[in-house]
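S.K.: The structure that follows is given in the form of structure tokens.
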């Protein structure tokens, strides 16, 4: 198992986390493998994908970090960790999920929208917070948060695309989550479409 702080650092180094929501396990596997082929180093497999445990098993030996997303309760978090998830992401902060992740010494990246939520999450040991949905905010929001909370590290997700990614990163985001673009690329252009899109994202990085 990779040490917790090393996983956080790998996410910071990657800058982009691919959020994979497949209509089924096969689609999720294809999108994830194509994204990794394109050079992405961090993958979030969401629990909205049917039979997602098969996706975890398939990607077990991947060179990329593999995390679990859309984790809504402690039971799901434990299931993800037992299937090899190296980090856990949720759309909201849940202290019961934080307990499980702390017990297993695995990073927990909860969704937060308010200062109150961010303070509570950091008090539970969350070192990167997901701003979700980011399309309800402007990049300048990060600076507004980092004024009173300079150590809070934010990863916007939801509405991030190749055109606005750098605006968020330049405003202080430590990483961004992308998702729907990858699925659309797969459904329109197959695995090669995903791989090329990922390369375009990486070339665009600030």
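The values are calculated or read from the model by the stated rules, or taken from the named source; none is laboratory data. Bear in mind that the values here come from a model prediction, so they are computed numbers and not experimental data. All Cβ positions, glycine included, derive from the backbone under ideal geometry; neighbour counts span all protein chains shown.
S.K.: Mind counting the residues in region 180-204 that are surrounded by fewer than 18 Cβ atoms within 10 Å (Cβ to Cβ), closer than 23 Å to residue 10 by Cβ and over 17 Å from the mean Cα position of the chain (by Cα)?
M.R.: 4
S.K.: Against the condition in contact with a strand residue (DSSP E or B) (Cβ under 8 Å, 6 or more places away or on another chain), part of a loop (DSSP other than H, G, I, E, B) and either modelled with pLDDT of 95 or more or surrounded by 19 or more Cβ atoms within 10 Å (Cβ to Cβ) (or both), how does residue 177 come out, does it pass?
M.R.: On the way: in contact with a strand residue (DSSP E or B) (Cβ under 8 Å, 6 or more places away or on another chain): yes; part of a loop (DSSP other than H, G, I, E, B): no; either modelled with pLDDT of 95 or more or surrounded by 19 or more Cβ atoms within 10 Å (Cβ to Cβ) (or both): yes.
No: the conditions fail for residue 177.
S.K.: How many residues are part of a loop (DSSP other than H, G, I, E, B) and farther than 20 Å from residue 8 by Cβ if we restrict to region 71-90? Explain how you work it out, then say what you get.
M.R.: Taking region 71-90 first, the residues part of a loop (DSSP other than H, G, I, E, B) are 71-73, 83-87.
Now restrict to residues that are farther than 20 Å from residue 8 by Cβ: 72-73, 83.
Residues flagged as part of a loop (DSSP other than H, G, I, E, B) and farther than 20 Å from residue 8 by Cβ within region 71-90 amount to 3.
S.K.: Same structure, new question: Please go through (1) more than 23 Å from residue 153 (Cα to Cα); (2) assigned to a helix (DSSP H, G or I); (3) touching a residue at least 24 places away in the same chain (Cβ under 8 Å) for residue 97 and return the number of the only condition it doesn't satisfy.
M.R.: So the condition that residue 97 fails would be (1).
S.K.: Let me ask something else about it. Taking residue 26 as the residue in question, decide whether it is part of a loop (DSSP other than H, G, I, E, B), free of Cβ contacts under 8 Å to residues at least 12 places away in the same chain and more than 18 Å from residue 101 (Cβ to Cβ). Full working, then the answer.
M.R.: Working: part of a loop (DSSP other than H, G, I, E, B): no; free of Cβ contacts under 8 Å to residues at least 12 places away in the same chain: yes; more than 18 Å from residue 101 (Cβ to Cβ): yes.
So residue 26 fails the test.
S.K.: A follow-up question, please. Can you name every residue in region 30-53 that is in a helix (DSSP H, G or I), in contact with a helix residue (DSSP H, G or I) (Cβ under 6 Å, 6 or more places away or on another chain) and closer than 23 Å to residue 91 by Cβ?
M.R.: Selection gives 31, 35.
S.K.: Just give me the residues in region 100-114 being in a helix (DSSP H, G or I) and in contact with a helix residue (DSSP H, G or I) (Cβ under 7 Å, 6 or more places away or on another chain), in sequence order. Outline the logic, then answer.
M.R.: Pass one, region 100-114, residues in a helix (DSSP H, G or I): 100-104.
Those that are in a helix (DSSP H, G or I) and in contact with a helix residue (DSSP H, G or I) (Cβ under 7 Å, 6 or more places away or on another chain): 100, 101, 104.
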